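Single-structure report; data block below.
The values are calculated or read from the model by the stated rules, or taken from the named source; none is laboratory data. Note that the structure is predicted; figures quoted are calculated from it, not measured. Heads up, the Cβs are rebuilt from the backbone with ideal geometry, glycines too, and the neighbour counts pull from every protein chain shown. Keep in mind that these areas ignore ligands, DNA and RNA; they rest on the heavy atoms of the full protein, side chains included. Shrake-Rupley method; radii C 1.70, N 1.55, O 1.52, S 1.80 Å.
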Amino acid sequence: MAMPFLTTAGTSMLKCATTMALPYGNAVLLRHPFSPPSVVHFTPRSHQLKLNFVDFSARTRISAAPSDVGDSSGFTDTVCTSDNHQVSEIVSDERDFAGTPHVPVYVMLPLGIINTECELVNPDELSNQLRALKSINVDGVMVDTWWGIVEANNPQQYNWKGYKQLFSIVRELDLKLQVVMSFHECGGNVGDDVHIPLPKWIKEIGQGNPDIYFTDRDGRRNPESLTWGIDKERVLRGRTAVEVYFEYMRSFRVEFDDFFQDGSITEIEIGLGACGELRYPSYPAKHGWEYPGIGEFQCYDKYLRKCLEKAAEARGHSFWGRPPDNAGSYNSQPQDTKFFCDGGDYDGAYGRFFLNWYSQYLIDHGDRVLAMANLAFEDTPISIKLSGIHWWYKTASHAAELTAGFYNRANRDGYAPIASMLKKHETALNFTCVELRTLDQQEGFPEAMVDPEGLVWQVLNAAWDADILVASENALPCYERQGYNKILEHAKPRNDPDGRHLSAFTYLRLNEALLEQHNLKEFQLFVKRMHGKSLFLHSSICIVFFTFSILHIQI
């Protein structure tokens, strides 16, 4: 996961929405062909109640919530039947998504589900977990195929053994697969609890030629992924980096042909950089970065330096062939640097030249690898992931985005050129941080000028304007209604004249907490709303009126 440490969203849990009201002194109930429970006891905080839902297929399921005149910030009202059956809660006055487009929901599998010997870890436990997901109508799962596992020891020797077993289990349960081509190291980022390095033979090359890795101003190498400077350099035992990626993808396509043929694999996500995202590794924790630092430019390896020098010479200003020396360090703030401060060098002639080159190299890398991905996967849908760098978004320079390669300063849309490149390859965009609320993120670091909601809408609109599919995933663990509602707001914008919506959503990630009864129930409700399903009554149930005399209300 690429997101840094962030403050979590508020913890108050909204109760459920209502389908019909029960004002004080009046009652509206539902009847099924057998007798309802004789007494319903309410223990409310207010004197007005709303009767939510009676599902007589379960004979005694009833829920209630206080009316709008009561405190709705954290409902604690309880409802029980005379026969002491547990009450279920459905949804409180929230938007009804019934009839809206079906947005598939996938769940990301744990990072260490395949070990370094390419063996499936604990298949029985996984099967049980997948059955739980299937029981709430999750569409499928996402899984990383790690380059450092599959091609670990020698070039062009691929071991897919554990993935074959995993995919077979998923298919037997009639779940779909999103598969990630993970050409980066796993470990060292927020949410990473396992370590999977790059292939051993790549490490051996790096010992003799450390410039195959991204490098910062102080010469520190980052072995998380290969520098884009060797995309076309034959330094990987006679192959370029793009050739290595292509042959890995082609091996996967051949090995799992039957999963493609029967539709089990619905999408391939192409890893394009740090954390599998299309970005420079500008904020590595291993080099001391802490949120909300602006990060550093990562173009000091000899290959990218050479490219920058050539670009400067072609521009006629050879002295521009160097990265800026006044852009601060990993944990600087924009106003503390001469490059990113208001009116700083980022907005001067040299700054614009450098940022154009730096961001264009990011786009060119995506262009090269996606061209190969389309050859490898033919007609299978492909996608890429873009990180949600929302800190310093409300400043003029957008410093943290600039160091990551997104030339998205004020009055310049840095995501439209990326969307245009994706359109060229008919590639979908997967964007993160859709569950974050700006107010929540401002609480811990008000000085960081964050705006995740503004960033999300900018990226979504850039993708939709380019007429490409856009999917999303959450940045942090999410178990609460508030976070799910924010995702739904982005997934299905209210009153959008063009009816635009997300093509899919991937939940980060499967763990024991998600499968806890309350959390799984909340997630099931979210899945239903993403699918556009009604949350309320079965069509076979008739609505009739009962007299208030059958109810005994204890207030």
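Looking at Glu447, is it of a type in the set (D, E, K, R), farther than 30 Å from Glu512 by Cβ and open to solvent by less than 20 Å² (accessible area, probe 1.4 Å)?
Spelling it out, it is not the case that Glu447 is of a type in the set (D, E, K, R), farther than 30 Å from Glu512 by Cβ and open to solvent by less than 20 Å² (accessible area, probe 1.4 Å).
Identify, please: which residue in region 300-321 is outside any helix (DSSP H, G or I) and under 22 Å from Lys232 (Cα atoms) and is, among those, most open to solvent (accessible area, probe 1.4 Å)?
Looking at residues that are outside any helix (DSSP H, G or I) and under 22 Å from Lys232 (Cα atoms), I get Tyr300.
Tell me whether region 362-373 contains one or more residues that are open to solvent by 10 Å² or more (accessible area, probe 1.4 Å), farther than 17 Å from Tyr280 by Cβ, of a type outside the set (Lys, Arg) and at pLDDT 95 or above.
Within region 362-373, one or more residues are open to solvent by 10 Å² or more (accessible area, probe 1.4 Å), farther than 17 Å from Tyr280 by Cβ, of a type outside the set (Lys, Arg) and at pLDDT 95 or above.
Among residues belonging to region 233-256 that are of a type outside the set (A, V, I, L, M, F, W, C) and open to solvent by 60 Å² or more (accessible area, probe 1.4 Å), point out the one that is nearest to the chain's Cα centre (by Cα).
My answer is Arg250.
Only residues in region 330-354 that are acidic (Asp, Glu) count as the first member; pair them with residues that are part of a loop (DSSP other than H, G, I, E, B), Cβ under 7 angstrom, at least 6 apart or cross-chain, and list the lot.
Partner pairs satisfying both residue conditions: Asp336/Gly328; Asp342/Ala396; Asp345/Pro324; Asp345/Asn326; Asp345/Lys338; Asp345/Phe339.
Of the residues Leu469, Leu488, Leu460, Leu502, only one is open to solvent by 50 Å² or more (accessible area, probe 1.4 Å) and modelled with pLDDT of 95 or more; which?
Leu469
Just the residues that are open to solvent by less than 40 Å² (accessible area, probe 1.4 Å) and either without any contact (Cβ under 8 Å) to a residue 12 or more places away in the chain or part of a helix (DSSP H, G or I) (or both), please, taken from region 285-299.
Correct list: His287 only.
State whether the residues of region 329-341 include one that is in contact with a Cys (Cβ under 7 Å, 6 or more places away or on another chain), under 20 Å from Tyr291 (Cα atoms) and buried (at least 17 other Cβ atoms within 10 Å of the Cβ).
There is at least one residue in region 329-341 that is in contact with a Cys (Cβ under 7 Å, 6 or more places away or on another chain), under 20 Å from Tyr291 (Cα atoms) and buried (at least 17 other Cβ atoms within 10 Å of the Cβ).
For region 189-226, name all the residues that are within 19 Å of Asn115 (Cα to Cα), modelled with pLDDT of 95 or more and among the acidic types (Asp, Glu).
Hit for region 189-226 is Glu224, nothing else.
Under 7 Å between Cβ atoms, which residue pairs at least 6 apart in sequence (or on different chains) link something in region 396-407 that is free of Cβ contacts under 8 Å to residues at least 60 places away in the same chain with a partner that is open to solvent by less than 10 Å² (accessible area, probe 1.4 Å) and not in a helix (DSSP H, G or I)?
That search, which allows pairs on different chains as well, returns His398/Trp392; His398/Asn408; Glu401/Ile389; Glu401/Asn408; Glu401/Gly414; Tyr407/Gly414.
Please work out which one of (1) within 23 Å of Gly263 (Cβ to Cβ); (2) more than 25 Å from the chain's Cα centre (by Cα) is the condition Val141 fails and give its number.
Exception for Val141: condition (2).
So which residues in region 274-323 are in contact with a Pro (Cβ under 7 Å, 6 or more places away or on another chain) and under 17 Å from Leu386 (Cα atoms), if there are any at all?
Within region 274-323, Ala274, Tyr283 meet the criteria.
Out of all the residues in region 131-145, is one or more within 26 Å of Pro477 (Cβ to Cβ), basic (Lys, Arg) and out of contact with any helix residue (DSSP H, G or I) (no Cβ under 8 Å at 6 or more places or on another chain)?
yes
Does Phe406 count as surrounded by 24 or more Cβ atoms within 10 Å (Cβ to Cβ) and either of a type in the set (A, V, I, L, M) or under 30 Å from Gly444 (Cβ atoms) (or both)?
Answer is yes for this residue.
What do you reckon, is Tyr248 assigned to a helix (DSSP H, G or I), under 22 Å from Thr427 (Cβ atoms) and not aliphatic (A, V, I, L, M)?
yes
Consider Tyr280 carefully, then state whether it is open to solvent by 10 Å² or more (accessible area, probe 1.4 Å) and in contact (Cβ under 8 Å) with a residue 40 or more places away in the chain.
No, not satisfied.
Looking at this structure, is Trp160 in contact with a helix residue (DSSP H, G or I) (Cβ under 6 Å, 6 or more places away or on another chain), among the aromatic types (Phe, Trp, Tyr) and open to solvent by less than 60 Å² (accessible area, probe 1.4 Å)?
yes
Can you name every residue in region 388-401 that is under 18 Å from Leu355 (Cα atoms), over 21 Å from the mean Cα position of the chain (by Cα) and not polar (S, T, N, Q)?
Ala396, His398, Ala399
Sort out which residues of region 486-501 are more than 16 Å from Ala462 (Cα to Cα) and either not in a loop (DSSP other than H, G, I, E, B) or not charged (D, E, K, R) (or both), and write them in order of number.
Of everything in region 486-501, those that are more than 16 Å from Ala462 (Cα to Cα) and either not in a loop (DSSP other than H, G, I, E, B) or not charged (D, E, K, R) (or both) turn out to be Lys486, Ile487, Leu488, Glu489, Asn495, Pro497.
Evaluate region 227-242: report whether one residue or more is closer than 21 Å to Ala475 by Cα and either aromatic (Phe, Trp, Tyr) or at pLDDT 95 or above (or both).
no
Would you check if there is a residue in region 129-148 being free of Cβ contacts under 8 Å to residues at least 12 places away in the same chain, open to solvent by 40 Å² or more (accessible area, probe 1.4 Å) and either outside any strand (DSSP E or B) or not charged (D, E, K, R) (or both)?
So far as region 129-148 goes, yes, one or more of its residues are free of Cβ contacts under 8 Å to residues at least 12 places away in the same chain, open to solvent by 40 Å² or more (accessible area, probe 1.4 Å) and either outside any strand (DSSP E or B) or not charged (D, E, K, R) (or both).
Given the structure, is Tyr361 more than 30 Å from Ser472 (Cβ to Cβ), among the aromatic types (Phe, Trp, Tyr) and touching a residue at least 24 places away in the same chain (Cβ under 8 Å)?
no
Please enumerate the residues belonging to region 185-218 that are part of a loop (DSSP other than H, G, I, E, B) and either out of contact with any Pro (no Cβ under 9 Å at 6 or more places or on another chain) or hydroxyl-bearing (Ser, Thr, Tyr) (or both).
Hits for region 185-218 are Asp192, His195, Asn209, Asp218.
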